[in-house]
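First the structure, in the form of structure tokens, and then the observations on it.
The values are calculated or read from the model by the stated rules, or taken from the named source; none is laboratory data. This one's a predicted model, so the numbers in the text were calculated from it and none came from an experiment. Ideal geometry is used to build each Cβ from the backbone, glycine not excepted, and the neighbour counts take in all protein chains shown.
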Amino acid sequence: MGKDLSFIIPCYNEVGNVEAIFTAIHDVFDPEKISTEIVMINDGSKDGTREKLKKLYRENSRSGLKIIDFSRNFGKEAALYAGLQHASGERICIIDADLQQRPEVALLMYRILDEYEEYDCVAAYQEKRHEGKVLGFFKNCFYRLINRMCDIDFIQGASDFRMFRRNMADAILSVKEYHRFSKGIFSWVGFETFFMPYEVQERASGTSKWNFFKLFKYAIDGIIGYSTVPLKISTVLGVLLSVFSVVYMIVLVIKTLILGIDVPGYVTTLGFVLLLGGIQLLILGILGEYMAKIYIQGKDRPVYIVKEVLGDSESEGNNNGREED
Ligand code: UDP
Ligand code: MG
């Protein structure tokens, strides 16, 4: 029988946390008589998370624990997708393994969904952020930029920590793209979402896998994945530059007619050549980004490869993230 609630927990080098989060979830939900299923995805950890998860499974095989073991690190997005494919609960909660997001808050989300039929999703967003000014500034810029460029809304501070009903889970699963950007997918599928402020806790153990460059790449992927505005930059720049050159040409002709030919300004010429070269390379780069995405998607590779699944009898012969058509 399906459970009331499935937790999807992506784990990458979380050896010190997996048992704690498992226990914390049961401590919160068992007394409330809410039946839970916990789907933990080992995303190619290198620190013994795999062994720890297997041990946890052996000791708790009847508590609705499912373990999906990836053949290597495929990233959090792939792990979430795998988790969704294996989750069978009526509601689904995405939560990190590091206990920065508390199961108590998940219970609150559960109650909100109980109370308000009209909402299909409750998403937590951070009111106060424990991060540096520089990073905060770049995040601000990113959200302003992506919201201007895309038709769908991106809420600043919203995390992947959220709970939604089965209908929304099925909608997310129907999005089969290779380059998965959860923040975009959640917003793209629609449904009424309740945004709930919460405060992020310190990481229980281990370190964050994000650094500035990974975040930057993530931001670019988000923009490329949900907007075609960058492709139009070349058109706009082309028009602007053409208009400018015609005007400049006319000015030069008139100036030459009145004042005669003056000394050739090679600094200006060099400046223009370099500027134009730069702009052309930039545009080529943007085109390349889109082309690379088409190329990879065209190969139609699976989003992840599974080494082993524990606790899910239906997917013994797994299909590596490809849904049957
Ligand atoms: N994670 C993952 N695969 C990765 C990177 C991270 O499954 O390649 C998981 C990680 O184990 C954690 C969650 O994604 O449960 C969030 O990662 P992290 O805590 O590093 O991010 P932060 O909380 O700093 O945003
Ligand atoms: Mg974290």
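Being small (Gly, Ala, Ser), part of a helix (DSSP H, G or I), modelled with pLDDT under 85 and over 23 Å from the mean Cα position of the chain (by Cα) is the requirement here; does Gly271 meet it?
So Gly271 fits the description; yes.
Working only within the stretch 75-97, note down all residues that are among the acidic types (Asp, Glu) and either under 17 Å from Ile21 (Cβ atoms) or modelled with pLDDT of 95 or more (or both).
Matches in the stretch 75-97: Asp96 only.
How about the stretch 44-156: which helices (runs of 4 or more DSSP H) wholly inside it have at least 3 residues that are surrounded by fewer than 20 Cβ atoms within 10 Å (Cβ to Cβ) and away from ligand 1 (no atom under 12 Å from the Cβ)?
Those helices (runs of 4 or more DSSP H) span 49-59, 103-115, 133-149.
Please name all residue pairs, on different chains or six or more residues apart, with Cβ atoms under 6 Å, provided the first residue is in the stretch 120-142 and is under 18 Å from Lys214 (Cβ atoms) and the second residue is not in a loop (DSSP other than H, G, I, E, B).
From residues that are under 18 Å from Lys214 (Cβ atoms), the pairs are Phe142/Ala219.
Any residue in the stretch 245-267 that is in contact (Cβ under 8 Å) with a residue 40 or more places away in the chain and part of a helix (DSSP H, G or I)?
Within the stretch 245-267, not a single residue is in contact (Cβ under 8 Å) with a residue 40 or more places away in the chain and part of a helix (DSSP H, G or I).
Given the residues Arg72, Arg50, which is the only one that is farther than 26 Å from Ile172 by Cα, in contact (Cβ under 8 Å) with a residue 12 or more places away in the chain and of a type in the set (Lys, Arg)?
Arg50
Test Gln100 against the stated conditions and say whether it is modelled with pLDDT under 90 and within 16 Å of ligand 2 (Cβ to nearest atom).
yes
Would you mind stating whether Met163 is assigned to a helix (DSSP H, G or I), of a type in the set (A, V, I, L, M, F, W, C) and modelled with pLDDT of 85 or more?
no
Which residue, of Ile25, Ile41, Ile9, is aliphatic (A, V, I, L, M), more than 14 Å from Ala106 (Cβ to Cβ) and at pLDDT 90 or above?
One residue alone meets the criteria, Ile41.
Please determine whether any residue of the stretch 182-200 is in a loop (DSSP other than H, G, I, E, B), closer than 20 Å to Cys11 by Cβ, within 12 Å of ligand 1 (Cβ to nearest atom) and touching a residue at least 12 places away in the same chain (Cβ under 8 Å).
yes
Could you tell me which residue of the stretch 25-43 is nearest to the chain's Cα centre (by Cα), considering only residues that are in a helix (DSSP H, G or I) and under 18 Å from Arg91 (Cβ atoms)?
Only one residue fits best here, namely Ile25.
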